[in-house]
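The values are calculated or read from the model by the stated rules, or taken from the named source; none is laboratory data. Computed from a predicted model, the values in this text were never measured in an experiment. Note: ideal-geometry Cβ built from the backbone for every residue, glycine included; neighbour counts use all protein chains shown. Surface accessibility is based on the protein's heavy atoms, side chains included, excluding ligands, DNA and RNA. Shrake-Rupley method; radii C 1.70, N 1.55, O 1.52, S 1.80 Å.
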2 protein chains.
Amino acid sequence: MPTYTAPTRDMKFLLHEVLELSRFETLDSFKEADADMIDAILEESAKFAQDVLTPLNRVGDEHGCVRNDDGSVTTPPGFHEAFDHMRENGWMGLAVDPQYGGQGLPGILGLACGEMTSSANMAFAMYPGLTGGAAKAISIGGSETQKNFYLPRMYAGEWTGTMNLTESHCGTDLGLLKTKAIPQADGSYKITGQKIFISAGEHGMSDNIIHLVLARIEDAPAGVKGISLFIVPKFKVDENGSTSETNGVSCGSIEKKMGIHGNSTCVMNYDDSVGELIGDENKGLRVMFVMMNEARLGVGMQGLCQSEVAYQNAVIYANDRLQGRSLTGPKNENGPADPIIVHPDVRRMLMDIRSFNEGGRAFLYWLALQEDLEKYSPDEKVRERADDFLGLMTPVIKGYLTDIGFANCVNAQQVYGGHGFIEEWGMSQFVRDARIAQIYEGANGIQALDLVGRKLARNGGRALMNISAEIDAFVAENEGNEAMKPFTDGLSNAKGKLQMGTMWLMQNGMSNPDNAGAGSVDYMHMLGITMLSYMWARMAKVALTKIEAGDDDPFYTDKLITGKYFMARIVPNIDAHLAKLQSGAEPVMALAADRF
Amino acid sequence: MPTYTAPTRDMKFLLHEVLELSRFETLDSFKEADADMIDAILEESAKFAQDVLTPLNRVGDEHGCVRNDDGSVTTPPGFHEAFDHMRENGWMGLAVDPQYGGQGLPGILGLACGEMTSSANMAFAMYPGLTGGAAKAISIGGSETQKNFYLPRMYAGEWTGTMNLTESHCGTDLGLLKTKAIPQADGSYKITGQKIFISAGEHGMSDNIIHLVLARIEDAPAGVKGISLFIVPKFKVDENGSTSETNGVSCGSIEKKMGIHGNSTCVMNYDDSVGELIGDENKGLRVMFVMMNEARLGVGMQGLCQSEVAYQNAVIYANDRLQGRSLTGPKNENGPADPIIVHPDVRRMLMDIRSFNEGGRAFLYWLALQEDLEKYSPDEKVRERADDFLGLMTPVIKGYLTDIGFANCVNAQQVYGGHGFIEEWGMSQFVRDARIAQIYEGANGIQALDLVGRKLARNGGRALMNISAEIDAFVAENEGNEAMKPFTDGLSNAKGKLQMGTMWLMQNGMSNPDNAGAGSVDYMHMLGITMLSYMWARMAKVALTKIEAGDDDPFYTDKLITGKYFMARIVPNIDAHLAKLQSGAEPVMALAADRF
């Protein structure tokens, strides 16, 4: 049975030492969150993840969700109780608006707790996750009445939520959607249509399920300009929030998926279901896209989460499993063989994962902090800069962290040899669960296109210029520092290659947009590698400062070793990406579609 | 439901035009196989794969194998009938020794037919595949009596076979195995022990199952020097081959695996089972390793096979699925959207896979031809050269083709977006099935270690020198040929980088073996990329010659386009591998084992 130990030491290092949250103690939301409180919350969250959610992860995979004949859905054993636990302990309201019953703590702290939940049990974490997404959409686009009515109940976990976008013939291209909304005399709408891939679509863990549904109002313009967003509750509710009769909402079937079996991914049917419009008619996508952009941070995190838990288990196995002898002489002379962690290729796989996980966590938390700054800073310049970073980096977090997170799970599974292929060892599940994160919330190719086609050039490329200047300043600041040299060299190299890639895109992407499209995923990875290099350089700086001040916690030495590994063995990937990018669209597009 | 169309056009191109099998018409085994006969066999094999095996692939995944209370195993619906079909049509004896009832056709032809079987239904293909492996071991190490007794029945498919190596505490490190063999007065042995991960271990598709079991004879030396190989039939047989009573052999359980559900992967228990020794006492591993080396070609092929079938389905989906518009203007103006194949990033994924599949097939068939030459050539020099290539390239075929084959399946699944994650579309199965090929028959890390630790330096590095000289000669021959320039440039670049990697290993691997271990997988991929570059250059030469001679089959133009893609967008990976290799063991080994 796989295990999980929340990496709270690493989280505290990032929050207190690298990002130095204490700098923001005067900001709303950070006021209440001093270091002691943050640490206490992290430790409580760790317990919940480790003790309650981890043991349910294999259970969820094995049992899956069952649609009963009456259309109800039974979630895996223990999920309901775990959800009760989550609700009763207030976890769902941690980092949301106190005006609607939230606790108003910083988003970055909510994210750290979310990381633990999702590492422990990704399929379970999606029930509160989707609820958070739906509540977010209401908070962005809803009226004050809607916010007052729905948000407190959703923040409390009394009601859960879902997002209904995809139909069988349209996922990425929402302009094609067909679900209909017919205006009623009382200002409501009757919604009819079928949605697929609806995570947490039906279950009995909450009193009501608030479905947010994209639909087309009768006679709306064709394409993306005629899409509206509706609140469609599973049960109709009166003004006091009491649920009563059903609302024509039903789960048609549960999708049989490669992974995240514990989440009820439903085909949802709406049959004259009463819905409330959110915001203006035909403006539903705007709300949805703001919400989705935030959700993409959560999905990027899922890639990291599975990579983390897979790594932890692979380390345990590599230290336990005795097989063969070290190339440099026995390391376990009294045993029948050495633990496989003595083998350089096993180390290589583990270090690949470790150096990514710690760098990726830093990148993710850094961006989560930008979200808080964008929300709470009184300084307009700070907010603008943070907003720029959020725009530019969100697709990178989503695409890069999930691509590499998945590949890491595969490598962690490889450490197990044949046992990795056997379900009871749990490594297959990490691989299968992680796989979805590359696909949903906008497939990674779409993220890359969003990055090179939209985000990169926004405001004249200001976001990239800002981060480049920040990196240059960091490198300049540390010039002549010998101990920092492996980090600043690696970072300068990565940043230089990224710059060449950016130049190439500027020179060639306008004349032929296919040049940008053909290199988009490579560019996304280049930006990811550069940002992780930057994070590693910053973490190394903090570690070196501690060591120089006499701190002998081996945690800091480990950081330097792991960061050097990243520079030596991950950064070189950027050269291959650059060469591919620079080869342009021609090789990619030369073969006629009908000759494939 | 996924489909499969055997790529017989590409196979014929390789056999007749690139490898020019007609050159060998005077050799045994090739004598009977003229072009017409080869083509006829390929077409028949294609029909069997497409019509019989392909429809059973999802069935096998969904039903899996069931162990009944009496210990018997029920294979998926249709498997038994398909196996009867295979047996009745003589497919299992195609390329084996006529002295024992085989048809004696070239191994390369058998491999091509095996590719179709395995692309159509990997789990099914393992039943005849393991039988072939077990028969191989008997043909290598068995006495004339054993060969005469077992081989005809196995070549006919009347009896099937298995390989029993792994025990729960030992896979790679067979020196640790515990299964016991106790000599009996009649010269036989009583075998007792438990084996795990036994593919095709128990089923009812054949009259008997011939288990080849590694065990330790009482009082044998410890470690790898005390391991012997035994024939242990499921049912005892009399001298006429009639099966009678059971032999203490039982399936304890069926492993619940990530993929290849249609194959019965068993825990096998041997309880005083009567066994016959193969070859000499304590020399079992030698036989096993010769057999396994050949089997590794088959496993490398499995990586290619899943990549091929996943590609074919992704192409169909990419041409069918309408979503979004081309960046350069609508390509399907009358439709609601363009097919997603218009998007450069979708093309990139498809071209990545295609250029690997065609190059990988050429590499695989080239090596299969070496096996035939090693076996049938009257020229000692030719045999020696072929044997060298087999030694050097087998781990590359196994490791590189399965690593990239798996990654390609993941990319093909990505083309499907959300539907790729839903089991009924079949893409998840290709990913899950392909995954095992990286693990079994020696995990890919072991292949890489075998390559850099043993095969590379064998006979003073003669094999690598020979292939390098062959590549140099090819490049020299084509100097000044403008049309060949993209290919010879790419090939020279790859070969140059490989040479730098080899030099680095020679200079640093001896002083510290961990340097070789840390770079072994990178080196394996470098050799794989170089060989595929060479294959592409050779295929381009053939295609150009045809085009220059006025042949207007677009097949040849497609080859040039696909080969150029490989040079532009796959070869650059070699730079990243080289940089990682050259970074050496230090970054990989610096972190103490207990600090992971």
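Counts of other chain beta carbons within 10 angstrom of each beta carbon in peptide B:314-322 average 2. Taking the centroid of alpha carbons for each part, region B:194-226 and region B:85-133 are 23 Å apart. When the helices of chain A are scored as -39500 (n - 2.57) per DSSP H run of n ≥ 4 and the total is divided over every residue, the value at 222 nm lands at -17500 deg cm²/dmol.
Could you please state how large a percent of the accessible area of region A:340-451 is carbon and sulfur, counting protein chains only and using a 1.4 Å probe? Working shown, then result.
Details: 1180 of 2320 Å².
Solvent-exposed carbon and sulfur of region A:340-451 make up 51 percent of the total.
Taken residue by residue and averaged, Cβ atoms of other chains lying within 10 Å of the Cβ of B:170-177 number 5. The 3J(HN,Hα) values that the Karplus relation (6.51, -1.76, 1.60; θ = phi - 60°) gives for region B:446-458 are, in residue order, 5, 4, 5, 5, 4, 5, 7, x, 10, 5, 5, 8, 4 Hz. Gly and Pro appear as x.
Peptides B:523-531, A:95-103 ranked from most to least packed by the mean count of surrounding Cβ atoms within 10 Å: B:523-531, A:95-103.
Quote the relative contact order of region B:455-585 in percent (integer), defining contacts as alpha-carbon pairs under 8 Å separated by 6+ residues. Show your work: numbers first, answer last.
Working: 111 pairs, mean separation 45.7, N = 131.
Once divided by the residue count of region B:455-585, the mean separation gives 35 percent.
From the alpha carbon centroid of region B:536-580 to that of region A:396-441 is 33 Å. Mean projection of the Cα convex hull over all viewing directions, computed for region B:81-120: 2.8 nm².
Across region B:40-103, the relative contact order, built from alpha-carbon pairs under 8 Å that are at least six residues apart, equals 19 percent. Rounded to whole Å, give me the distance from the Cα center of region B:285-330 to that of region A:282-310. A separation of 30 Å, based on Cα centres. Sorted from shortest to longest, the distances between the A:Arg458 label points of this copy and the other copies are 5.7 nm, with each point 7 Å from Cα along the line through the beta carbon. Computed from the alpha carbon positions, the gyration tensor of region A:485-596 leads to an equivalent ellipsoid with semi-axes of 38, 13, 9 Å, biggest first. Rolling a 1.4 Å probe over the protein heavy atoms gives chain A an accessible area of 35 Å² per residue.
Among the DSSP helices (H) of chain A, none spans at least 27 angstrom by Cα along its long axis with an average Kyte-Doolittle hydropathy of 1.0 or more; this is a geometric and hydropathy rule only.
Counting from the shortest, the label point at A:Gly187, 7 Å from Cα toward Cβ, is 9.8 nm from the same position in each remaining copy. For a test of the definition: using alpha carbon positions, the gyration tensor, and the 1.5 limit on a/c, classify region B:382-497 as rounded, prolate or oblate. Judged from the Cα gyration tensor, region B:382-497 comes out oblate (a/c at least 1.5, b/c at or above a/b). Checking the Cα-Cα distances for B:Lys190/B:Lys234; A:Lys497/B:Lys580; A:Lys180/A:Lys256; A:Lys195/A:Lys283; B:Lys195/B:Lys236; B:Lys455/B:Lys580 against a 24 Å cut-off, the pairs over it are A:Lys180/A:Lys256. Considering only alpha-carbon pairs that sit under 8 angstrom and 6 or more positions apart, the relative contact order computed for chain B is 12 percent.
Could you pull out every residue, at least 5 positions away or on a different chain, whose amide H is within less than 5 Å of the one on B:Lys257? Hs are placed 1.01 Å off N in the peptide plane, and Pro or chain starts have none. Counting only residues 5 or more places away or on other chains, the set is A:Glu423. Inter-copy label distances at B:Asp489, using a point 7 Å along Cα-to-Cβ, come to 3.1 nm with the shortest given first. The fraction of all Cα pairs in chain B landing in successive 10 Å bins from 0 to the largest distance is 3, 16, 27, 27, 18, 7, 2, 0, 0, given as whole percents.
Once a ≥ b ≥ c are taken as the square roots of the eigenvalues of the Cα gyration tensor of region B:539-596, is the result rounded (a/c under 1.5), prolate (a/b larger than b/c) or oblate (a/b not larger than b/c)? Write down the numbers at each step before the final one.
On the way: a/c = 6.40, a/b = 4.71, b/c = 1.36.
Cα axes put region B:539-596 in the prolate bin.
Peptide B:567-576 shows a mean partner chain C-beta count of 6 within 10 Å per residue C-beta.
Rounded to the nearest 100 Å², what is the buried accessible area between B and A, both sides summed, probe 1.4 Å? Kindly include the intermediate steps, with their values, before the conclusion.
Numbers: alone 24510 and 24500 Å², together 41450 Å².
In total, this chain pair buries about 7600 Å².
Taking only the alpha carbons of the protein assembly as shown, we obtain Rg and Dmax values of 30.4, 97 Å in that order. Taking amide H as placed 1.01 Å from N in the peptide plane, the amide H of A:Thr166 sits under 5 Å from that of A:Ile196, each at least 5 places away or on another chain.
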